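Data block below; observations after.
Each reported figure results from applying straightforward, stated rules to the coordinates on display, with no laboratory input. All of these numbers come straight from a predicted model, not from anything done at the bench. Here the Cβ is made from the backbone with ideal geometry for all residues, glycine too, and neighbour counts use every protein chain on show.
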Amino acid sequence: MLKGKTALVTGSTSGIGLGIAKALAAQGANIVLNGFGDVDGPMAEVTALGAKVSYHGADMSKPLEIEAMIQHARTTFGSLDILVNNAGIQHVARIENFPVERWDAIIAINMSSAFHATRLVLPFMLEKNWGRIINVASVHGLVASAEKSAYVAAKHGVIGLTKVTALENATTGVTCNAICPGWVLTPLVQKQVDAKAAALKISNSDATKLLLGEKEPSLQFTTPEELGALAVFFCSPAGNNVRGVAWNMDGGWTAQ
Ligand code: NAD
């Protein structure tokens, strides 16, 4: 379905981003991976699906590096049709104890990076009158949790940006939508499980049950594969008139 299209997925060396990159690759898209840590493993996983893959290590807190990555995607594959703004980090602390440097980093990586990548890809997408911008927000773009001020502020901002991007391009072939996962068991969440286990002196599996039980009525994690399938839907012809939605996949978290 996506043969000949190129997708750039930020923060795709791990977790949800890698899941979405693999789902788009399985549909035939060329993939540009981005993120830190091991690169060879994710490159091999995406290549195994038959996709052409490239990697750019832009730090998503740096607008000039984002610009260089988008240039890299276009020169490598000749176009850039799908942008998935996914890179993100977390820090948990009460507001009065929240390190200013962590606040700035979360706002830059989780929110401003989506603005920069979007403003830079829109001219190419509008020229071809086709494009898909998918912002990986969170249930925390819709509701809040204590001790996540920067994350919740950034994710609410991403959903606002999603709506404006959708509206400004509503009469074109460029759509923009957000995905709002509940808990997904990735390194980002594993750290929160580990912290809970240590703080309460309980086992990892008890901490996992507690974490799910507090927020997610299904008591199940959403998977990167399920989120990848939703991204594929947004890219399909059936998604042509889906514009500006914040689609939660959260086991009932926000239905409560
Ligand atoms: P993860 O830690 O597994 O992956 C994060 C990715 O972002 C990695 O590839 C990492 O290298 C990359 N990254 C971090 N800082 C970066 C930077 N400065 N520049 C470039 N890349 C950077 O986390 P994840 O859980 O897969 O999270 C992915 C997205 O999904 C995030 O935006 C997160 O907020 C969102 N999300 C996650 C959950 C969850 O439960 N895991 C729930 C809702 C939303």
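Against the main long axis of the alpha-carbon atoms of the chain, helix 15-26 sits at an angle near 30°. Largest mean-square fluctuation among 83, 64, 161, in a Gaussian network model of the chain whose springs join Cα atoms under 10 Å apart, belongs to 64. Report the residue, chosen from 135, 241, 110, that carries the largest GNM mean-square fluctuation when the chain is represented by alpha-carbon nodes joined by springs under 10 Å. Result for the chain, Cα springs under 10 Å: 241 fluctuates most. With a Förster radius of 25 Å applied to the beta-carbon distance between residue 242 and residue 96, the computed FRET efficiency rounds to 0.05. Per-residue Cβ neighbour counts within 10 Å put 139, 164 in the sequence 164, 139, beginning with the fewest.
Legend: ranking of residues 14, 145 from fewest to most surrounding C-beta atoms inside 10 Å; resulting order 145, 14.
Computed extension gain for residue 64 through residue 206, at 0.36 nm per residue and net of the alpha carbon distance, reaches 46.7 nm.
For the chain, the relative contact order comes to 20 percent (Cα pairs under 8 Å, sequence separation of at least 6). Extension gain for residue 191 to residue 43 (0.36 nm times residue separation, less C-alpha to C-alpha distance): 50.8 nm.
For the range 35-50, backbone phi angles converted through the Karplus equation (6.51, -1.76, 1.60; θ = phi - 60°) give residue-by-residue couplings of x, 9, x, 4, 10, 4, x, x, 4, 5, 4, 6, 4, 4, 8, x Hz, Gly and Pro being listed as x. The 3J(HN,Hα) values that the Karplus relation (6.51, -1.76, 1.60; θ = phi - 60°) gives for the range 201-206 are, in residue order, 6, 10, 6, 4, 6, 5 Hz. Gly and Pro appear as x. Note on the range 1-141: Kirkwood hydrodynamic radius from all Cα pairs is 15.3 Å, rounded to one decimal.
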